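Below is one structure, written out as structure tokens, with a few remarks after it.
The values are calculated or read from the model by the stated rules, or taken from the named source; none is laboratory data. Computed from a prediction, not measured in an experiment: that's the story for all the values here. Cβ atoms come from the backbone with ideal geometry, glycine included; neighbour counts cover every protein chain shown. Protein only, heavy atoms only, side chains kept; ligands, DNA and RNA dropped before computing areas. Shrake-Rupley method; radii C 1.70, N 1.55, O 1.52, S 1.80 Å.
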Amino acid sequence: MKRTIRTAVLTAGALIAALGLPAGPAQADTPAPRTDLRVLVVTDGGPTTAAIAAELDSAGTPYTTIDLTRGGRPTIDAAFLADTVDGRPRAKYQAVVLPNDNPFPAGSAEMAALTAYERTYDVPQVDAYTYSRPQVGLQYFATGGYAGSLDGVRAGVTPAGLTGPFAYLDGAVPFEDNSPTVGESYAYLAQPAPGADFTTYLDAPIPGTPRRGSLVGEYRHDGRRELVVTFVYNQYQQQFRLLARGIVEWMTGGVHLGASRNYFAVHVDDVFAADDRWDSTLNCTPGDVDCAGGAGTPSPIRMSGADATYAADWQDSKGFTLDMVYNGAGSLDQREDNNGADELADVLLAQRDRFRWVNHTYTHAYLGCEQDVSVVPWKCATLPGGAVKWVGRTVISDEIALNRVWGHTSGLPLHDDELVTGEHSGMKLLPQQPQDNPNLALALADNGIKWLASDNSRDPEQRRIGPAATVARYPINVFYNAGKAVEQADEYNWIYTRRSQGGSGICEDHADTTTCLPAPLDAATGYAGHIVPQEVRTALGHVLSNDPKPHFIHQSNLAEERIAYPVLNGVLDGYTALYGDNTPVVNLRMKDIGTELQRRAAWKDAVRAGQVTAYRIGDTVTVQAPNGVAVPATLLPGSRQGAAAFGSPYAGRLSGWTDSAGTSLAFTLPAGTPAAPAAVTGTRSGAPTLPAPRTHVPEAVREPSSPAPRG
């Protein structure tokens, strides 16, 4: 539905008188106002307000949504926005997000209420997507500006942005151009209107001119502040992900509940073991369950000592640590077959402290139901009465314990409460095994396991299995059975092309598969030209989304042609090119990721249940949360909790978690910190009404889907 953007023109005096709000600054006998740490998001159902709400939700920042398309919604009036608590004026929201600068009908009392509220309490407003014209402090886009696609354009953060809300960026904000046939962005570019108090934070070249036009900027007028955004976006697009943090920091003045960081962790599965190789003639993997009847001859892929040294040196060059997810029996087999020699193990164990290590079970055995591999796909074996035949508790426990003993004997710096089962087995797997192996929880308890890896593509939410909490991992779509680029491209073609093109037909049978190919990739160039950019884009999207879940590859991808490194380099180098030194990638081990996910879930439950109260009065922030629920907060540099410094620095702010004992937590901001920068009083100039801007909605970006990979 298109919605015309209108401007309500009322005098300040009329607004204040009509709403019964204070006529000016607080008098000497009036207590300083209290501002609740909550954001008001007013949406018309479009993707831009949804994107900002998703950013708030990810960080754990409380917000209230008003959906203008729904009947029976609350009316936005003075009582909805403000009241008095214990004799003190209270602003219920620290910021307002609107779908555009005025989404209401002409003369709307709701817009009048918002205008008066923002002016009275210095509450900023984000115009999630509007078009360039004097009503938002810009010249008309039709007069020397531009309206159209920005696909592939490299926008830039201005000096004001780099010293202001976007100080965590390195300067460039590239707009995506992932498809030559799909329009992915639409924008209005214009320069500030003559006489307007407008500060541009992000701009881009105006085509055909030497000038640059604003994409994001701050407009001060009539005692109010608006963040004016003139391009459309959704929550998955890289250009929004880069700016999302700054939008929140601008609207909250850098003081809000919730915390956001950029995470990246990579698990390398099957270390010390060998992975079977894809057969391009049989279109299956000899030695694995996808080759019916044991067809073909296995040709295993295993890292060499040189590959191990390369991995360690690569880590040093990137300032990054890989998690080596190991199977001890793989080394035992290698030594038995090679007169006691295992160069890989010798090199890795000599450099053991340069990596992190995670138990992957001793032999990589399948720990769910017993598999009947006489058919493809395999099925669960059954007992004579038809009951599922499960792998036993002792077998599972031995796989965990033997690998742990091997690791400790080899001097690995293990955390004994972490576990990755082979192929994430033991947990439910559709369609063959719709429930967890009931023996899995018992074996986890036997071995003190608290953190258990799951596959995000099939089991994304953290859940309990006996004493353990799951940690979902993202599969990087570089296959376990490929050590060379041509093998990866061949298998990729088999999976993602039609039967008439020589493929498996999965895309024909499963319409929800999003990585399908219109034609087979060139075997020589398909990996570097298509697969790598796609996997970099997907993984980097997770990194930029405050998502701590780890990614996983396999040791085979670090062997032979070392085909994983182009993806890993693409993510880390791409990140470095976008972010400043004050915003490093956070590289956590598995148990710390699990703890982060647990804290977030408990916090969100408490916020949804209305069990959190948080507000600011002057330089003091007070938070009340349930006992045992850790509180995430982002504050300004120099902030303190009691006598101690708060949090740790990240992206120009202090952020972190504080344990709550069910009593009020008090944080002190640096003395004299304004609730918001001083507003500039001015008169909003009138302007003829233009048609509503193009309501272009960028195509939703979905997580690439593929058959569940081996773990």
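Points worth noting:
- Positions within region 418-441 being open to solvent by 20 Å² or more (accessible area, probe 1.4 Å) and acidic (Asp, Glu), in sequence order: Glu423, Asp436
- For region 72-93, the candidate set comprises residues that are under 14 Å from Val42 (Cα atoms) and in contact (Cβ under 8 Å) with a residue 12 or more places away in the chain; within that set, the residue that is most open to solvent (accessible area, probe 1.4 Å) is Thr75.
The rows are residues; the columns are (1) touching a Lys or Arg at 6+ places or on another chain (Cβ under 8 Å); (2) under 30 Å from Phe272 (Cβ atoms); (3) in contact (Cβ under 8 Å) with a residue 12 or more places away in the chain.
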position: Gly526; (1), (2), (3): no, no, yes
position: Pro533; (1), (2), (3): no, no, yes
position: Val536; (1), (2), (3): no, yes, yes
position: Gly541; (1), (2), (3): yes, no, yes
position: Pro550; (1), (2), (3): yes, yes, yes
position: Leu558; (1), (2), (3): no, yes, yes
position: Ala564; (1), (2), (3): no, yes, yes
position: Asn582; (1), (2), (3): no, no, yes
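- Among residues of region 640-651 that are closer than 14 Å to Val255 by Cα, those with a Cβ under 7 angstrom from a residue that is open to solvent by 40 Å² or more (accessible area, probe 1.4 Å) and part of a strand (DSSP E or B), sequence gap 6+ or separate chain, pair up as Arg640/Thr668; Phe646/Arg640.
For (1) surrounded by 21 or more Cβ atoms within 10 Å (Cβ to Cβ); (2) under 20 Å from Gln238 (Cβ atoms), each residue gets a yes or a no:
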{"site": "Gly529", "(1), (2)": "no, yes"}
{"site": "Pro533", "(1), (2)": "no, yes"}
{"site": "Arg537", "(1), (2)": "no, yes"}
{"site": "Val543", "(1), (2)": "yes, yes"}
{"site": "Val586", "(1), (2)": "no, yes"}
{"site": "Leu597", "(1), (2)": "no, no"}
{"site": "Arg616", "(1), (2)": "yes, no"}
{"site": "Val631", "(1), (2)": "yes, no"}
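- Residue pairs meeting the criteria (Cβ under 6 Å; at least 6 apart or on separate chains; first farther than 15 Å from Ala633 by Cα, in region 591-604; second open to solvent by 50 Å² or more (accessible area, probe 1.4 Å)): Lys591/His415; Leu597/Gln462
- Region 477-522, residues that are under 25 Å from Asp276 (Cα atoms) and of a type in the set (Gly, Ala, Ser): Ala482, Gly483, Ala485, Ala489, Gly502, Gly503, Ser504, Gly505
- Filter result for Asp270 (among the charged types (D, E, K, R), in contact with a strand residue (DSSP E or B) (Cβ under 7 Å, 6 or more places away or on another chain) and either part of a loop (DSSP other than H, G, I, E, B) or modelled with pLDDT under 95 (or both)): no
- Residue that is most open to solvent (accessible area, probe 1.4 Å), among those in region 97-122 that are under 31 Å from the mean Cα position of the chain (by Cα) and in contact (Cβ under 8 Å) with a residue 60 or more places away in the chain: Asp122
- Screening Leu444 with (1) open to solvent by 10 Å² or more (accessible area, probe 1.4 Å); (2) in contact (Cβ under 8 Å) with a residue 12 or more places away in the chain gives one miss only, at (1).
- Pairs with Cβ under 7 Å, 6+ apart, first in region 317-328 and in contact (Cβ under 8 Å) with a residue 12 or more places away in the chain, second assigned to a loop (DSSP other than H, G, I, E, B) and among the aliphatic types (A, V, I, L, M): Asp323/Ala265; Val325/Val420; Asn327/Ala273
- Residue match in region 148-166 (condition: in contact with a Leu (Cβ under 6 Å, 6 or more places away or on another chain), open to solvent by less than 20 Å² (accessible area, probe 1.4 Å), of a type in the set (S, T, N, Q) and touching a residue at least 40 places away in the same chain (Cβ under 8 Å)): no
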